[in-house]
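Notes to accompany the following structure.
The values are calculated or read from the model by the stated rules, or taken from the named source; none is laboratory data. These figures come from a predicted structure and were not determined experimentally. When we count neighbours, we look across all protein chains shown, and the Cβ atoms used for this are built from the backbone with ideal geometry, even at glycine. The area values use the complete protein model at the heavy-atom level, side chains included, leaving out ligands, DNA and RNA. Shrake-Rupley method; radii C 1.70, N 1.55, O 1.52, S 1.80 Å.
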Amino acid sequence: GHGARLVTDAALEAGAAHILSDTDSRVDRLGRDVLAPEVVFGLEGHGTPALTLTAPVLSIKPLLAGEGVSYGYLHRAERDTRVALVAGGYAHGVARAIGGRATVLIGGSELSIIGRVAMDVCVVDIGDAAVARGDRAVFLGPDHPDAARRWADASGLTELELVAGVGLHAAREEVA
């Protein structure tokens with residue numbers, strides 16, 4: 001975009017090891033590697049994702065047949081089940097449009113996000129899966145490798161737009 005070259009030059013002069021680029025160039029003017037975003041995020045066909053988006057399970061409760069969850073009770077249970085409230089919403093980068101169309105991994109089980117994704121939370125149908133308060137829900141990452149593609153299919157956004165949308169409310173941690 002406008003000023004990208006200026007920002008790139010400043011970052012390189014400040015000692016940046018790599019620069020993200022949406023161009024086909026893979027080497028900058030100083031001979032350093034330039035990493036395309038799809039490589040960094042491990043998007044389809046480009047290796048293992050470097051980004052993982054997770055959130056803890058806050059609570060678990062029963063949801064009886066006919067009861068609703070989320071804004072306007074967008075989702076109504078067809079049968080008695082259990083649901084988990086997960087601390088991940090659109091402020092964290094969980095696309096609002098994936099409610100009822102995507103899954104998370106909790107304890108190795110792939111479970112459906114139901115209802116509308118809220119600002120800070122979403123609801124997951126856990127049925128009889130062994131899920132406990134404090135368990136980690138994986139939205140995106142190497143443990144859930146096709147999630148970004150599924151989110152793209154559900155939302156109409158690209159995978160890159162989705163992973164770039166991981167919000168400032170998400171705690172960032174660098175893992176070696």
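So here's what we get for this one:
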| item | result |
| --- | --- |
| Amide H contacts under 5 Å for residue 82, placed H, 5+ residues apart | 63, 126, 127 |
| Probe 1.4 Å, accessible area per residue of the stretch 53-176, Å² | 53 Å² |
| Neighbour cut-off at most 12 other Cβ (10 Å), DSSP loop, GluC sites (Glu not before Pro), the stretch 74-163 | 78 |
| Alpha carbon centroid spacing (whole Å) that separates the stretch 126-176 from the stretch 51-123 | 12 Å |
| Formal net charge of residues neighbouring residue 154 (Cβ-Cβ distance under 11 Å; K, R +1; D, E -1) | +3 |
| Proximal charge balance of residue 81 [Cβ under 9 Å; K/R count +1, D/E count -1] | -2 |
| Length added when fully stretched, residue 130-residue 82, from 0.36 nm per residue minus Cα-Cα | 16.2 nm |
| With DNA, RNA and ligands ignored, accessible area of residue 157 (1.4 Å probe; Å², nearest 10) | 80 Å² |
| Three-way shape label, the stretch 88-176, alpha-carbon gyration tensor, a/c 1.5 | rounded |
| Förster radius 41 Å - calculated FRET efficiency between residue 64 and residue 91, Cβ distance, rounded to 0.05 | 0.90 |
